[in-house]
Amino acid sequence: MPEQVAINSPEFARNGESLRGRVTVGSMDRLRDLLLSGEGELEYILAGRRGENGKLYLDCAISGQLQLTCQRCLDALVYPLDVESELELAEGEQSQDGEELTDAIEADPALDVLALIEDEVLLALPMAPMHSPDECKAKANASQAKLEKKNAFSALAALKTKD
Ligand SMILES: [Zn+2]
């Protein structure tokens, strides 16, 4: 059974409540589809507050590790996730004024916390995750290409000095 965690988000923010929990990576279907493996857990902290402007916010922090696929060598890549976001609760029909510095979500009296966490993780995922050049198995090819480039330059330099 998938876990369900729901909060009354405007109440939660108004009362300055907070919630801490863990969620299994494999239980998040949309996220799972993008991963090499659904192993592991993510830890999340959700904290509500009322801003100085009277608006309501949810601060969301998510951390853990995801198993992605390196787009260079197609091998496993452990991606350390560390998301911090500030979400404004948009109440009623309040329209967005173009210059929003924070993301807004609907002030939902039955907010699905895990769906929110999954949304935030999806937003934070890199489009093309890759190992750092030192760790990547495709490293050999990369340095080979660099070497060829270097040779091309020295050939060019040699031509120039001939003049
Ligand atoms: Zn790689």
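The residues of region 9-31 that are under 16 Å from Glu118 (Cβ atoms) and part of a strand (DSSP E or B), listed by number, are Leu19, Gly21, Arg22, Val23, Thr24.
A single member of Arg20, Arg49 is under 22 Å from the mean Cα position of the chain (by Cα) and without any contact (Cβ under 8 Å) to a residue 40 or more places away in the chain, and it is Arg20.
Let's see how each residue does on (1) of a type in the set (Ser, Thr, Tyr); (2) over 15 Å from Ala90 (Cα atoms):
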{"residue": "Gln4", "(1), (2)": "no, yes"}
{"residue": "Ala13", "(1), (2)": "no, no"}
{"residue": "Ser18", "(1), (2)": "yes, yes"}
{"residue": "Val25", "(1), (2)": "no, yes"}
{"residue": "Leu36", "(1), (2)": "no, yes"}
{"residue": "Gln65", "(1), (2)": "no, yes"}
{"residue": "Cys70", "(1), (2)": "no, yes"}
{"residue": "Asp75", "(1), (2)": "no, yes"}
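In this entry, Val23 passes the filter for residues that are among the β-branched types (Val, Ile, Thr) and open to solvent by less than 60 Å² (accessible area, probe 1.4 Å). For region 122-131, filtered to residues that are part of a loop (DSSP other than H, G, I, E, B) and open to solvent by 50 Å² or more (accessible area, probe 1.4 Å), the residue that is nearest to the ligand (Cβ to nearest atom) is Met130. Identification of strands (runs of 3 or more DSSP E) wholly contained in region 32-93 with 1 or more residues that are under 16 Å from Leu123 (Cα atoms) and open to solvent by 80 Å² or more (accessible area, probe 1.4 Å) yields 56-69, 76-90.
Against the test of being of a type outside the set (Asp, Glu) and at positive phi, the options Gly16, Gly48, Gly26 yield a single qualifying residue, Gly16.
The values are calculated or read from the model by the stated rules, or taken from the named source; none is laboratory data. Keep in mind it's a predicted model, so treat the numbers as computed, not measured. In this analysis, Cβ positions are derived from the backbone assuming ideal geometry, glycine residues included, and neighbour counts consider all displayed protein chains. Remember, those area values only see protein heavy atoms, side chains included, never the ligands or the DNA or RNA. Shrake-Rupley method; radii C 1.70, N 1.55, O 1.52, S 1.80 Å.
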